[in-house]
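The values are calculated or read from the model by the stated rules, or taken from the named source; none is laboratory data. All of these numbers come straight from a predicted model, not from anything done at the bench. Note that we place each Cβ from the backbone using ideal geometry, even for glycine, and neighbour counts take in every protein chain shown.
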Amino acid sequence: MKKKKSVAIGAIALLAAGAGLTGCSSSSSSSGPVDLTVWTGFTGGDAPGYKQIVKDFNASQSKVKVTMTVQPWDTIQQKLPSAWLTGTGPDIAAPAPDPNVIAQYVKTNSVLPLTATGSGDTKINTSKFASALTKEFTYNGKLYAVPANYATLSLYYNKKLFKAAGIASAPTTVAEFQADAKKLTTGGTYGLSLADNNTIQMWPILQWLSGGEVTDSKNCSALQTQASIDSLQPWVTLVKDDKISPVGQSGAEADSLFSAGKAAMEINGPWAAPGYKSAGIDLGIAKIPVGDDGTNVTLGSTAPLAISAKTKHPTEAQQFLAYWTSKSTQLKFSKSTGFPPLRTDLSDNATLKADPTVSVFASQVPDARLYLPQVPSATQVDANGYVPFIQKVTRDGDVSADATSAAATINQLTGCSS
Amino acid sequence: MSTETLTPAPAPPRTAPDQRRQPIRGRGNGLDIVKWVAVAAGVIVAVVPFIWMIGTSFRSEADLFAHPASLLPTQWTLHGYKGVWDQLPFLRLLLNTVVFAGVTTILTLLFDSMCAYALARLDFRGKTIAFWLVLVTLMVPFQVTLIPVFIELFHLGWLNTYHGLIIPRATSAFGIFLFRQFFISIPRELDEAARLDGASHFKIYRSIILPLSKPAIATVALLNFTALWNDLLWPLVVTSSPDLQTLPAGLALFGGQHVTDHAVLLAGAVISLIPIAIAFFLAQRFFVAGISNTGLK
Amino acid sequence: MTTGDTTWGVKATPHARTPARTPRWRSRPAWLFMAPSLAILGVFVLWPIVRSFWYSLHTWTVGATDQPFIGFDNYVQLTRDPQFWGALLHTVEITAVSVLLLLVIGFFLALALASENLVTRIIRSAFFFPYVVSLTAAGLVWRFLLDPNIGLVDGLSKALGWGAPAWLASTTLALPTIIFVSIWKNVGFVMIILVAGLKGVPEDQYEAARLDGASRGQLVRFVTLPALRPTILFVSVILTIQSLQLFDLVYVMTGGGPLFTTDTLVTLLFRDGFVNFQTGYASAISWVLFLLIVIVSALQLKFFRYNDVD
């Protein structure tokens, strides 16, 4: 019996010994450049753009060396909280492609408030960011992240299908948008390719255009208001009765429908353009049509970049974020990826304006709104509230009844008490 | 499946003596045709996804969208493979994956068979509990233990190390269970005789049980190797250094948020399949042909 | 960290009192043989399971300074969560249907392909190959195959004039489609293990039965099935456990949608734990799942009378 115990202890000791061997290998030397690690989940067409930022930064100076690791977003979501808790995580990370995720890290004190803000190339120029962005990342008066990118959604259309239907140009008003969608829906093709799950949200734009809202300023659901119901109903009718779009598509399916030339229009971000072109679509890109009240609106999407509260190099990390969001870096990034610049002082830039793709996305930066900005439990409001709501009404639901039940779910999640 | 069919009958039924005695294969030719048609249909369902996958990895987007009903490309292009090759430190990933899956599989075979030997061949108090402890570890999805395991690895200082990658995966309840079921079927007289000759347990395990268990070893080796090879999450949890990344982790990046190129994605999937296919065809000979000596119980 | 250690240390103690029939020297090496496996499983699986139970009694979030203890509130909340009941139902449906069909189809294939020749070997390989492919890759390929626009399935179906159902976007078709892919993935495993089992059935048992004039069906029922009992036990326990934990396939193919119709317990706990940061609540879900698996496995072991095979 004694022997057995000693075996057990021996086994544990063996495991522990292995631990000791590597435990001491993580000492950082005081001389040489400061090493910073960054985790992001950027893949696809824009990925080389981010890699270039890191490369340029490392080349621009010799005191800080940044290493960026790209992992799937799911993995980052699963690992980052524990990694930052134990202090083994990266100095800087994009925790998710969803800006709202920062709230959670602020709550657990895992992210560093950014203080190196101001003007000039060495500071984070918050005053030059699109205003929705700074607001989104500020909690209790402190800034906790910077935008890694800023994408707006535009209207992609298939010129060949438009010509075949005898439509000369992309729609510019909601009424034209709806009429065209209907007209372009023929036996084999759909007028519009709408996705409702695993996608960047498209439906809120349709509602915003006609005065609808998802949530109000107090984070209460606005879905059940008459204005929201009225904004949604025509689109639901178009989908259900006129079959302008397949129901229940994921983002990937919606994209492949458009790529296959079987949908005349799709609302999507700048990342989609290269794929559509390589699929052989005669592609047009236009601004989202003007809303009923004459104002422009589209959805903006951003991924946050935040610094670990436990980083040993807060100054250098902020220096890197300042570089990332600086004017010259953003100009280069926009040119190479087609993403609009996240800064307002580039919206009039001549080179960007000359680019037919970038210019469409960039011109909508001032009109862009974030989806569920700073709404508590935003991911759940989306997953348990808005997504099932759209899925229900486009199948066999009733807009006003489903809006009421979705509103109850949302209000419970946000803790809204009105 | 009814209870009745699974309950063992004590003896085969005795039928009337005047019934014709005929070998089993002589009957039911009609049934045979139905059987082989069903098998053939099954083979098509099993294989077509792979042919389509390989074919599509050589297709351009335009071709894919234009001819969805075609199994093979109308024009062949290598751009999917170029895309993967250009963007990944391929040999490094391959090496890491081979080390991770290979070393871990070897350790797993050793530890699992030892553990199963005790569970199958030795009598001791607490055997049922030990068996259940092993079995219970199969019953928890990894997502559940991810956070506590990560924190443990941190306290051990094993994050971003090869042993952190390997040791926690160096045994599998699945393998122990499979080995145990196999070892039970080996006649006990063999080790009784060896024991009378004064052989130690280790000697019995090594020179009697293991040599008789080649089919089981091949089966566990193959299943473990492929499971480890395919494991995306574990290596990503333990390592964040690009130097230690494995192939599935590298390939997963092509399946990210805004995937627009199916050929690249499927080229990645095809590449990750090749080593498994090789391992499979190597082991297949063993574990199907060799298994006839001793049944798996 | 020492769970493995203490549990089996304590359990091992009474071995001195084992009946004299069992020679003493047999016991001690048993634990030695099991030490590496039990140490690893104890440290990296069993103890974390215990930890997750501890989390489930709290409003637990990674990194939070305050983890309020709430007793069994998470479990009480589960009973009122329609998503949980939905996920539980789908998990049970997927498991019941797929395990049953897998055993039946796998058994049929094993019988048809048990003989040794080149043709059966090639066919067996074809059926087995999907099993060794990663679930992620399999899910991906099937998602594309079933895509209404680029997929072969609907491409062919349209060419034949049958229309193009949106398999994964339909609330009624999505779950059966997932079950189908899960069967496609696993049927070769069942077949290969059962083929191995068939080889172990002594030929003289068949011979004796044949001499007694048993028909083909009778041979299967009275010779093959009883002899395969331990093998079927192994296969069904493993399949049930895997199926109750189904995640990757669903995650890749539908993410639990549409309208949560393919949500399983593990996709739900993934969402709650890692997307919504409710680790405590996710741990409660996992413990319900864990207990479900333990109970089902215990029933299976009892039903197949695991103890009398050795």
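Listed values, structure above:
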{"item": "Out of B:72, B:94, sole residue that is more than 10 Å from every other protein chain (Cβ to nearest Cβ) and in a helix (DSSP H, G or I)", "result": "B:94"}
{"item": "Single residue of B:37, B:48, B:43 found to be at pLDDT 50 or above, more than 7 Å from every other protein chain (Cβ to nearest Cβ), surrounded by 13 or more Cβ atoms within 10 Å (Cβ to Cβ) and within 25 Å of residue C:113 (Cα to Cα)", "result": "B:48"}
{"item": "Among (1) crowded, with 21+ Cβ neighbours inside 10 Å; (2) within 14 Å of another protein chain (Cβ to nearest Cβ), the one test that residue A:409 misses", "result": "(1)"}
{"item": "Residues within region A:299-354 that are in contact with a helix residue (DSSP H, G or I) (Cβ under 8 Å, 6 or more places away or on another chain) and without any contact (Cβ under 8 Å) to a residue 40 or more places away in the chain, tallied", "result": "10"}
{"item": "Residue that is among the hydrophobic types (A, V, I, L, M, F, W, C) and without any contact (Cβ under 8 Å) to a residue 24 or more places away in the chain, where the choices are A:264, A:227, A:252", "result": "A:227"}
{"item": "Residue check for residue B:242: within 7 Å of another protein chain (Cβ to nearest Cβ) and not aliphatic (A, V, I, L, M)", "result": "yes"}
{"item": "Test: residue in region A:240-247 that is buried (at least 19 other Cβ atoms within 10 Å of the Cβ), more than 11 Å from chain C (Cβ to nearest Cβ), in contact with a strand residue (DSSP E or B) (Cβ under 8 Å, 6 or more places away or on another chain) and not β-branched (Val, Ile, Thr)", "result": "yes"}
{"item": "Residue within region C:202-216 that is in a helix (DSSP H, G or I), among the hydrophobic types (A, V, I, L, M, F, W, C) and surrounded by fewer than 18 Cβ atoms within 10 Å (Cβ to Cβ) present", "result": "yes"}
{"item": "Residue C:232 facing another protein chain (nearest Cβ under 8 Å) and touching a residue at least 60 places away in the same chain (Cβ under 8 Å)", "result": "yes"}
{"item": "Out of A:254, A:279, A:306, sole residue that is buried (at least 23 other Cβ atoms within 10 Å of the Cβ) and not assigned by TED's automatic domain parsing to the domain that holds residue A:198", "result": "A:306"}
{"item": "Residues of region C:156-200 satisfying the condition of being closer than 25 Å to residue B:60 by Cβ and at pLDDT below 85", "result": "C:158, C:159, C:164"}
{"item": "Odd one out for residue A:133 among (1) surrounded by fewer than 18 Cβ atoms within 10 Å (Cβ to Cβ); (2) over 27 Å from residue A:236 (Cβ atoms); (3) among the hydrophobic types (A, V, I, L, M, F, W, C)", "result": "(1)"}
{"item": "Wholly enclosed helices (runs of 4 or more DSSP H) of region B:117-190 bearing at least 1 residues within 14 Å of chain A (Cβ to nearest Cβ)", "result": "B:127-136, B:142-156, B:162-166"}
{"item": "Residue identified as over 30 Å from residue B:232 (Cβ atoms), touching a helix residue (DSSP H, G or I) at 6+ places or on another chain (Cβ under 8 Å), free of Cβ contacts under 8 Å to residues at least 24 places away in the same chain and not β-branched (Val, Ile, Thr) among C:298, C:209", "result": "C:209"}
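Per-residue answers, yes or no, for (1) crowded, with 23+ Cβ neighbours inside 10 Å; (2) within 21 Å of the chain's Cα centre (by Cα); (3) on the phi > 0 side of the Ramachandran plot; (4) not β-branched (Val, Ile, Thr):
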| position | (1), (2), (3), (4) |
| --- | --- |
| B:151 | no, no, no, no |
| B:174 | no, yes, no, yes |
| B:189 | no, no, no, yes |
| B:192 | no, no, no, yes |
| B:208 | no, no, no, no |
| B:229 | yes, yes, no, yes |
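Quick grid of which residues meet (1) part of a loop (DSSP other than H, G, I, E, B); (2) at pLDDT 90 or above; (3) of a type in the set (Lys, Arg); (4) surrounded by 20 or more Cβ atoms within 10 Å (Cβ to Cβ):
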site	(1), (2), (3), (4)
A:331	no, yes, no, no
A:339	yes, yes, no, yes
A:373	yes, yes, no, no
A:385	no, yes, no, yes
A:391	no, yes, no, yes
